[in-house]
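Asker: Take this structure first; my questions come after.
The values are calculated or read from the model by the stated rules, or taken from the named source; none is laboratory data. Given the structure is predicted, the values throughout are model-derived calculations rather than measurements. Note: ideal-geometry Cβ built from the backbone for every residue, glycine included; neighbour counts use all protein chains shown. Heads up: the accessible areas ignore ligands, DNA and RNA and are worked out on the full protein's heavy atoms, side chains in. Shrake-Rupley method; radii C 1.70, N 1.55, O 1.52, S 1.80 Å.
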Amino acid sequence: MKRTGLSALMLFSAVFLSACSSTPELKDAEASVISEQGDYQRAVSAYRHWQQEIVQAKALSIYSPDQYQTLTASWDNASRIYQEITTAPVMAYKSYSLFSSTTYLEQLHLELAQVEQSFTELKDIQKVADTVLSPAITQMKYLDSLEAKQYYRSEYTRLYRLYESLFKQVENGDMNDAREDQDEFLSRSLSLEVKTIKKIYIAPLEAMMIELRRLDVKEYAPKSYAQIEQRIEAGKALIDRTPRDFDAIQQSTREIRFDLAHAQHISLEVQRLRDLSKDEYESYILAFENKLLRISKALKDEDWRDQPIPEQARLITEHVASAKAALTNHKSGDEMLADKEKYIRELNALVMKQQRQISQMQSQLEERQQTVPSLNVSSSELKSATDDSSGNESAEASSLIQ
């Protein structure tokens, strides 16, 4: 652009110098050419200045759409004129239109002057609006960061219209009206914020819950399913109270995801139990007891199968707690001790998981017991049984023992 302007200026000078050399009043002609060159150069410099400034003008459009439209129209005209006179410098002093004696160069100055005026007015309105409407501006930026428009387009559009009207009121000097309407905007925008957060964090989990219901999880594991419903309602209430406490919200969603996976697993176990015949009950319970045996062997080389299954689980948990306490009291930098502590922690988590399964399956197994009176197993053992096919727990126990 700089080289083009320089070439145009040289050509412009040559044209005028050539024209003046044929007249007797050479000095006056030369002075005229220098003046014209100065006008031309000032126009080029002004245009290049606004070429840089105009980049930030788009961000000012919200403060006064009318002023911004005037600015862009004048800038478009200035750009077109600039291209014409730099391409053909002889056009600089020709009439811009049939209905005006204004030259192209003069018209360029006029258009740039209008650009400057509109830009200045926009900046002035911005100073006032940024003070009066600071809460609304901050809130709208936050909604945009959440991509609220993507989730609730219609509601966002209506809210944005109210947002634009606030700036119109500031431009017109109606500050009291602007402040009152800003309160309404903040109330409505907070509602949209809460809905958006729920849409992002809770809606996918509700969809998963609905899918579990379609798979009859509510029928097979009603308590676990009810736990999911309670967790989801608690998550919604948390977002209503503190929609920006994302640590708590994420923790809540993790708990819901855990309950979703747990309910699905329990449902599958219950379905499997219902499919068992009475001849399969003993094998089912023995298989689960073998899991506890592998854990007790790995911990203390003990066999507690002469105790009821809940008691076996209690003894394992007690031993894990004792081992953990011993490690805590004798900490060292030795890597072997650190590995052992991690090993025991993982065993403890596995036992806790098994105990949760025991509790969840109590009602289903008691019902099943009533239909199989010939099975010589205590009620406490029956209510603590779980399926041998719970692959994740078995795999965890085996890997820990190895």
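Asker: Shape of region 250-302 from its Cα gyration tensor (a ≥ b ≥ c, root eigenvalues): rounded if a/c is under 1.5, otherwise prolate when a/b > b/c, or oblate?
Answerer: oblate
Asker: How many angstrom lie between the Cα centre of region 53-112 and the Cα centre of region 163-200?
Answerer: The distance from the Cα centre of region 53-112 to that of region 163-200 comes to 36 Å.
Asker: Let me ask something else. What are the semi-axes of the equivalent ellipsoid of region 101-162, taken as the square roots of 5 times the eigenvalues of the Cα gyration tensor, listed largest first and rounded to whole Å?
Answerer: Each semi-axis is √(5λ); the values are 38, 16, 9 Å.
Asker: Among 109-116, 259-266, 124-131, what's the highest-first ranking by average C-beta atoms within 10 angstrom per residue?
Answerer: 259-266, 109-116, 124-131
Asker: Using amide H atoms built in the peptide plane, which far-off residues or other-chain residues are under 5 Å from TYR96 H to H?
Answerer: THR102, THR103, TYR104
Asker: Scale the Cα Rg of region 87-197 by the rule-of-thumb value 2.2 N^0.38 Å and send over the ratio, two decimals.
Answerer: Compared with the compact-globule rule of thumb, region 87-197 sits at 1.63.
Asker: Projected onto the charge dipole of region 155-310 (+1 at Lys/Arg Cβ, -1 at Asp/Glu Cβ, origin at the Cα centre), which of ALA226, ALA178, SER252 gives the Cα projection farthest towards the positive end?
Answerer: Of the candidates, ALA226 comes out farthest on the positive side.
Asker: For HIS49, HIS319, write out the residues from largest to smallest accessible area, computed with a 1.4 angstrom probe and no ligands counted.
Answerer: Ranked from most to least accessible, the order is HIS49, HIS319.
Asker: Another question, if that's okay. For a quick check of understanding: with a 1.4 angstrom probe and all protein chains in place, what accessible area in square angstrom does MET209 have, to the nearest ten?
Answerer: Probe radius 1.4 Å; accessible area of MET209 about 30 Å².
Asker: Follow-up. Just read off the accessible area of ARG294 with the full protein assembly in place, 1.4 Å probe, to the nearest 10 Å².
Answerer: Roll a 1.4 Å probe over it and ARG294 shows about 80 Å².
Asker: Quick one: if you stick a label point 7 Å off each Cα along the C-beta vector at ALA321 and TYR142, how many nm between them?
Answerer: Using points 7 Å along Cα→Cβ, the separation is 4.4 nm.
Asker: Still on this structure: Using the Cα centre of region 171-260 as the reference point, and only Cβ charges (+1 on K/R, -1 on D/E), how large is the resulting charge dipole? Debye, rounded to the nearest 20.
Answerer: My answer is approximately 720 debye.
Asker: Once ligands and nucleic acids are excluded and a 1.4 Å probe is used, how much of LYS278 is accessible, expressed in Å² to the nearest 10?
Answerer: Probe radius 1.4 Å; accessible area of LYS278 about 110 Å².
Asker: Now for a different question. Could you let me know the centre-to-centre spacing of region 268-317 and region 205-221, using Cα atoms, in angstrom?
Answerer: That distance is 28 Å.
Asker: Which length gain, in nm to one decimal place, applies between ASP245 and ARG213 when the Cα-Cα distance is subtracted from 0.36 nm times their residue separation?
Answerer: Taking 0.36 nm per residue and subtracting the Cα distance, the gain is 8.5 nm.
Asker: So for PHE99, PHE258, PHE119, what's the accessible-area order with a 1.4 Å probe, most first?
Answerer: Result of the area sort, largest leading: PHE99, PHE258, PHE119.
Asker: Stretched out fully, how many nm does the piece from SER154 to THR87 gain, at 0.36 nm a residue minus the Cα gap?
Answerer: Extending this stretch completely gives an extra 19.3 nm.
Asker: I'd like the projected area of region 111-257, averaged over all directions, using the convex hull of its alpha carbons. Report it in nm² with one decimal.
Answerer: The orientation-averaged projected area of the Cα hull of region 111-257 comes to 11.6 nm².
Asker: Expressed in nm to one decimal, what extension gain is obtained for the pair PHE99 and GLU116 from 0.36 nm per residue of sequence separation less their Cα-Cα distance?
Answerer: 3.6 nm
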